[in-house]
Amino acid sequence: MTMPMIEARGLRHTYLAGTPLAQVSLRGVDVHVNREQVVAFIGATGSGKSTLLQHMNGLLRPQAGRVSVLGHDLSDPATDLRQIRRAVGLVFQRPEDQVFEQYVGDDVAYGPRRMGLSRPELRERVRWAMDLVGLDFEHYVDRLTSTLSGGERRRVGLAGVLAMRPRVLLLDEPTAGLDPCAREELLARLSGLHEQGMALAIASHNMDDVAALADRVYVLEEGRVALHGPTREVFAQVDRLRALGLDVPAPVEITFSLAARGLDIQQSVLTLDEAESAILQALSETRRWAGKDPSQLACVGNAGGTPQEDPS
Ligand SMILES: Nc1ncnc2c1ncn2[C@@H]1O[C@H](COP(=O)(O)OP(=O)(O)O)[C@@H](O)[C@H]1O
Ligand SMILES: [Mg+2]
């Protein structure tokens, strides 16, 4: 395997350490993010997802354990955290709150302007980032940010992070509060960015988002990794996830309930299409075994289960 882009080992974090309000949020976490696989962190509220993401772009330094980002050890005082934050973009749960300039163009340009780009380069960069989030450059670049809708502000916040062209993009609850259409659009854009070479990790409550985007999932429970594996395998552990207070994607739920009612069905599905195929397959098997009824056999065509020893 290639070297992970981000790796945490034995990471611990306590907020307000040494005060009566001390709150342990990470209790020895081992995770890694690589270029090839989209990673999702799931877990109940307070399980430590946001704290973990904030370590991954150097907003927080490890109190104990190690975090290495693109080969740099975050505990090393020589590591330039500003450089880390350029290379690893973090989109907060409410990207609209990351918008603070008066004009859209200035807001998106805020980060790259500090990278010493020429004016034409900067303009191109802003245009590219706005395009990515579906904001027409000419239409929006001179708009006052105070006049934008919530959804537009959100896109501007995301564009501002993308304009840095980060090598890794971390998103905290990226679709929270989006309508279904905006959600679909964002998920497609994120997939596109990943295909173009950006490493991607998300923290999410939305299991359908995780099923749609992630190749690999970490389940956090009270600051520990409770489960980790390929998305399909993690979501196949329905009882375990429920015990952790988590939902599963709807297609998993459907096949799991059918299996619980006695249908012999393949259960490692993720998408609705896969659930549909699994259900059809299970039904055709059921008919084949029920097999003595020729009218039923006729429904499934050449199912190969024609009884040999028919006495008539
Ligand atoms: N700024 C903070 N100050 C004190 N406690 C915090 C702070 N941020 C998070 N916590 C606590 O740390 C734990 C983990 O929180 P968080 O990382 O936000 O979890 P998640 O993103 O999974 O909801 C929770 O118990 C939360 O209350
Ligand atoms: Mg959070």
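Brief remarks follow.
- Directionally averaged projected area (convex hull, Cα atoms, the range 94-167), nm²: 4.5 nm²
- Whole-angstrom gap from the range 68-99 to the range 121-149, using each part's C-alpha centre: 24 Å
- Most fluctuating residue given options A17, A201, A188, as computed from a GNM of the chain linking Cα atoms under 10 Å: A17
- From most to least packed by mean Cβ count within 10 Å, the peptides 34-40, 256-262 give 34-40, 256-262.
- Cα-based Rg of the range 86-230 normalised by 2.2 N^0.38 Å, two decimals: 1.07
- Only helices enter the 222 nm calculation for the chain: every DSSP H run of n ≥ 4 contributes -39,500 (n - 2.57), and dividing by all residues gives -11500 deg cm²/dmol, rounded to 500.
- Think of the chain as having a plus end and a minus end, set by charges on the Cβ of Lys, Arg, Asp and Glu; of L280, H55, A211, H55 sits farthest toward the positive end of this dipole.
- Length released on extending from E253 to D106, taking residue separation times 0.36 nm less the Cα-Cα span: 48.4 nm
- Between the Cα long axis of helix 119-132 and the first principal axis of the chain there is an angle of about 30°, rounded to the nearest 10.
- Under 5 Å, built H, 5+ apart or other chain: amide partners of L227: V219
- 3J(HN,Hα) along the range 135-150, derived from phi through the Karplus expression 6.51 cos²θ - 1.76 cosθ + 1.60 where θ = phi - 60°, amounts to 9, 5, 4, 4, 6, 9, 4, 9, 6, 6, 5, 5, 9, 7, 6, x Hz, with x in place of Gly and Pro.
- Cα radius of gyration and Dmax for the chain (Å): 24.1, 89
- Magnitude of the charge dipole, the chain, Cβ model with Lys/Arg +1 and Asp/Glu -1, debye to 20: 1220 debye
- Packing, as the average of other Cβ atoms within 10 Å across residues, places the peptides 266-276, 53-63 in the order 53-63, 266-276, highest first.
Only the coordinates and a few stated rules stand behind these numbers; no lab work does. Only a predicted model underlies this, so the values are computations on that prediction, with no experimental measurement involved. Positions of Cβ are backbone-derived with ideal geometry, glycine not excepted, and every protein chain shown enters the neighbour counts.
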